[in-house]
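What follows is a short report on a single structure.
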Amino acid sequence: MLLLVGLGNPGAGYANNRHNIGFMAVDAIAHAHRFAPWRARFQGAISEGTLDGDKVLALKPATYMNLSGQSVGEAIRFYKIAPEQVIVFYDEIELEPGKVRVKKAGGSAGHNGIRSLDAHIGYDYWRVRLGIGHPGKERVHGHVLSDFGKGDQQWLEKLLDAISEAAPDLVRELSGSGDGNKFMTKVTLRLKPPPPKKEKKEPPSSDGATET
């Protein structure tokens, strides 16, 4: 069983914050794939469902961002889930808005939710980094705790739709020997489809004939 974790802060006041894009991602997946209703457990909210035929547990820690690892640690100990079976969705200021990157392990890059997870479950879990853009060094705290603006809604909705659509691909890859590249490609193509191929023009006739 895989554990999908969305990072964010609980409560209506934080619901549309950039810092809560992890919550938004797992909400979109759970809704699109008809997971069971959310219920309180493990210091958070959980929902169960299936993706690509595999049982999946989704978790939104309610401990506030800085203590996210407490909730995730409880869940993996109860279900005996290895860190390699955990997939965490969270905001990344070092990526442009709408960009998605998947990696296993690594540092926290100053993200307090990731720092808490590292302390509680180790480093060997999968990270799905969701770009929200960098506002400049002096404005980071206000940026992540501010709401997405009207100008963000179009790309944000497309991103969440693309993530929920490609979620089975992510599960299939990370359950096997994949690294998330197919998932990233599918999300990218959904957000920015390739331009249509131009039809090749037939070369002019070389038999000297002319049309009348």
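Of note:
- Applying the criterion of being in a loop (DSSP other than H, G, I, E, B) and without any contact (Cβ under 8 Å) to a residue 60 or more places away in the chain to the residues of the stretch 79-100, the residue that is farthest from F148 (Cα to Cα) is K80.
Yes/no matrix, rows are residues, columns are (1) modelled with pLDDT under 95; (2) surrounded by 19 or more Cβ atoms within 10 Å (Cβ to Cβ); (3) in a helix (DSSP H, G or I):
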| residue | (1), (2), (3) |
| --- | --- |
| R77 | no, no, yes |
| V102 | no, yes, no |
| G110 | yes, no, no |
| S116 | no, yes, yes |
| G133 | yes, no, no |
| H141 | yes, no, yes |
| E157 | no, no, yes |
| E173 | yes, yes, yes |
| D179 | yes, no, no |
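- Checked across the stretch 45-55, the condition of being touching a strand residue (DSSP E or B) at 6+ places or on another chain (Cβ under 9 Å), within 22 Å of E173 (Cβ to Cβ) and surrounded by 20 or more Cβ atoms within 10 Å (Cβ to Cβ) holds for at least one residue.
- Selection within the stretch 9-41 - among the aromatic types (F, W, Y) and either over 22 Å from Y79 (Cα atoms) or surrounded by fewer than 22 Cβ atoms within 10 Å (Cβ to Cβ) (or both): Y14, F35, W38
- Top-ranked residue of the stretch 58-68 - restricted to ones that are crowded, with 22+ Cβ neighbours inside 10 Å and more than 14 Å from the chain's Cα centre (by Cα), ranked as farthest from H134 (Cα to Cα): P61
- Subset tally (residues that are buried (at least 19 other Cβ atoms within 10 Å of the Cβ) and under 23 Å from G176 (Cα atoms)) for the stretch 119-131: 7
- Unmet requirement for S71, which otherwise passes all of (1) assigned to a strand (DSSP E or B); (2) over 17 Å from the mean Cα position of the chain (by Cα): (1)
- One residue stands out among those in the stretch 80-100 that are surrounded by fewer than 14 Cβ atoms within 10 Å (Cβ to Cβ) and modelled with pLDDT of 95 or more: the one that is farthest from M184 (Cα to Cα), which is K80.
- Top-ranked residue in the stretch 102-126 [being touching a helix residue (DSSP H, G or I) at 6+ places or on another chain (Cβ under 7 Å) and of a type outside the set (A, V, I, L, M, F, W, C); ranked as farthest from E84 (Cα to Cα)]: N112
- Within the stretch 1-45, the set of residues being assigned to a helix (DSSP H, G or I), among the aromatic types (F, W, Y) and over 15 Å from the mean Cα position of the chain (by Cα) comprises just one member, Y14.
The values are calculated or read from the model by the stated rules, or taken from the named source; none is laboratory data. The model shown is predicted, which means the values in this text are computed figures rather than measured ones. So basically every Cβ, Gly included, is an ideal-geometry build from the backbone, and we count neighbours across all protein chains shown.
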